[in-house]
Amino acid sequence: MTVQALRQPPAGDATKPLDVERIRADFPILTNVRPHGKPLVFLDNAASSQMPQQVIDRLVRYQTHEHANIHRGVHYLSETATRAYEQARISVQRFLNAREDREIIFTTGTTEAINLVMHGYGRRFIGAGDEIIITYMEHHSNIVPWQMLCEEKGAVLKVAPIDDSGELIVEEYEKLFNARTKFAAVTHVSNALGTITPIKHLIDVAHSHGVPILVDGAQATPHLPVDVQALDCDFYCFSGHKVCGPTGSGALYGKAALLEKMQPFKGGGDMILSVTFEKTTYNTIPHKFEAGTPPIAPMIGLGAALDYLSAIGMDRIAAHEEALLAYATERMLEVGGVRIIGTARHKAAVLSFYVGEVHPHDVGTLLDEDGVAVRTGHHCAQPVMQRFRVPATARASFALYNTHAEVDALVAAVVKVRDMFA
Ligand code: C6P
């Protein structure tokens, strides 16, 4: 199968709204699966989104025509696989508008990317008494690695608070910076609340104090255009499985000058230039950070997923999802007894809610009976739950293929739950 033979995504005309029905036709799972005999209403995209046929076809083509280990062989297949893998890196570079492809490190996802920066940068450059700033709305992936570093080095974690709507209190964030601050790590979009942080300002504040900053883009990349050069962030990371790509894929963007100063995260094959028992010299970036045989197929699938989204246009996806979120918010608030957790002025496609006093797990189970998939729990953001004094929430999260009719289905299922417990 040639590239040309693969189905093309619906072309993006920035002036036109999304043709959602046409997009839905690309996602076989949306029609293949009928939970409990009902049409699937998949609203758990913040946990993991679905894959279009274009990505599935790309994976099949790789497995049937291109598979071999990369960067190691002189034979035809190894060179073919290496080309495909490096092409995927260029897709990530374009998607994030990074200056160079060597600034893109493949990782298995956001969690691994943050751990890579913690080990590669943090363990080398952060010491006793130094301070690291995060925010109250971080996912555990952007809390625990920094806590581990603080414990190891005797450094101090400072947490910028959020208000009752789930917005970061920016003045408090600004006040946390001082001469001891050595690093900041903040989310672009909260997975539990949907809040879009004023990320450019947060980056500028860190830089005005000479502090490098990592942005967790796990929940931003599926919904918003991202330009790391315009943001001027030092690190930006995301997960492939949330941008319609495969699990086991993801990427870390880092400014070349910083990546070059960092120590490797893992040792092994491919990350070296030479090895003797006396001394090892490391490979150049990005390979210095990609030890061992990587998940080749998932990264190639990630490249295809980003090409798919880019062809549609992230601006159009953002506009569609903004309209969907506004409609869902309005309709849910019409249902008496529903409380929305996270009412920031700027939000991306996440709606966390409570139905009366019904436990979110019961809400999720009952919605599932109507074919509506939402996530329930603490969403790996326990400090957010503590801040809002709830043990968990039910969370509907939207993707480019969701429709207003699906919002209606969600609302109808929520009304049933409310009435059942009334
Ligand atoms: N959030 C959710 O349902 P991984 O697991 O490495 O792909 O992504 C971790 C992660 C990091 N940051 C944010 C903001 C995230 O939302 C996530 C994953 C999923 O909300 C699973 S807990």
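Tell me whether the range 388-410 contains one or more residues that are of a type outside the set (A, V, I, L, M), surrounded by fewer than 24 Cβ atoms within 10 Å (Cβ to Cβ) and under 16 Å from Gly194 (Cβ atoms).
Within the range 388-410, one or more residues are of a type outside the set (A, V, I, L, M), surrounded by fewer than 24 Cβ atoms within 10 Å (Cβ to Cβ) and under 16 Å from Gly194 (Cβ atoms).
Would you confirm whether any residue within the range 165-186 is touching a strand residue (DSSP E or B) at 6+ places or on another chain (Cβ under 9 Å), touching a residue at least 40 places away in the same chain (Cβ under 8 Å), farther than 16 Å from His346 by Cβ and surrounded by fewer than 18 Cβ atoms within 10 Å (Cβ to Cβ)?
yes
Report whether or not Glu151 is of a type in the set (Asp, Glu) and without any contact (Cβ under 8 Å) to a residue 24 or more places away in the chain.
The answer is yes for Glu151.
Would you check which residues across the range 270-297 are within 30 Å of Val60 (Cβ to Cβ) and touching a residue at least 60 places away in the same chain (Cβ under 8 Å) and list them?
Asp270, Pro286, His287, Phe289, Glu290, Thr293, Pro294, Pro295, Ile296, Ala297
Does at least one position in the range 102-114 carry a residue that is part of a helix (DSSP H, G or I) and over 25 Å from Lys153 (Cβ atoms)?
Within the range 102-114, one or more residues are part of a helix (DSSP H, G or I) and over 25 Å from Lys153 (Cβ atoms).
Considering only the range 125-141, how many residues are surrounded by fewer than 20 Cβ atoms within 10 Å (Cβ to Cβ) and under 12 Å from Pro212 (Cα atoms)?
1
What number of residues in the range 344-359 are over 22 Å from Ala422 (Cα atoms), surrounded by 18 or more Cβ atoms within 10 Å (Cβ to Cβ) and at pLDDT 95 or above?
So the answer is 5.
Which count do you get for residues in the range 196-219 that are within 14 Å of the chain's Cα centre (by Cα) and buried (at least 24 other Cβ atoms within 10 Å of the Cβ)?
6
Between Arg72, Arg99, which is at pLDDT below 95, away from the ligand (no atom under 16 Å from the Cβ) and part of a loop (DSSP other than H, G, I, E, B)?
Being at pLDDT below 95, away from the ligand (no atom under 16 Å from the Cβ) and part of a loop (DSSP other than H, G, I, E, B) holds for just one of Arg72, Arg99, which is Arg72.
If you take the residues in the range 110-139 that are within 13 Å of the ligand (Cβ to nearest atom) and charged (D, E, K, R), which one is nearest to Thr197 (Cα to Cα)?
Among those that are within 13 Å of the ligand (Cβ to nearest atom) and charged (D, E, K, R), it is Glu138.
Give me the pairs, please: first residue somewhere in the range 103-120 and over 12 Å from Leu259 (Cα atoms), second residue anywhere and hydroxyl-bearing (Ser, Thr, Tyr) and assigned to a helix (DSSP H, G or I), beta-carbon distance under 7 Å, and either six or more positions apart or on two chains.
Partner pairs satisfying both residue conditions: Thr110/Ser141; Thr111/Ser141; Ile114/Ser141.
For the range 27-61: of the residues being touching a Ser or Thr at 6+ places or on another chain (Cβ under 7 Å) and either among the hydrophobic types (A, V, I, L, M, F, W, C) or not in a loop (DSSP other than H, G, I, E, B) (or both), which is surrounded by the most Cβ atoms within 10 Å (Cβ to Cβ)?
Filtering the range 27-61 for residues that are touching a Ser or Thr at 6+ places or on another chain (Cβ under 7 Å) and either among the hydrophobic types (A, V, I, L, M, F, W, C) or not in a loop (DSSP other than H, G, I, E, B) (or both), the one surrounded by the most Cβ atoms within 10 Å (Cβ to Cβ) comes out as Ala46.
Quick check on Ala46: is it farther than 12 Å from Gly301 by Cβ and more than 26 Å from the chain's Cα centre (by Cα)?
no
Can you find a residue that is more than 13 Å from the ligand (Cβ to nearest atom) and within 28 Å of Arg34 (Cα to Cα) anywhere in the range 372-388?
Yes, because at least one residue in the range 372-388 is more than 13 Å from the ligand (Cβ to nearest atom) and within 28 Å of Arg34 (Cα to Cα).
The values are calculated or read from the model by the stated rules, or taken from the named source; none is laboratory data. Everything quoted here is computed from the prediction, not taken from an experiment. Counting neighbours? That spans all protein chains shown, and the Cβs are built from the backbone with ideal geometry, glycine included.
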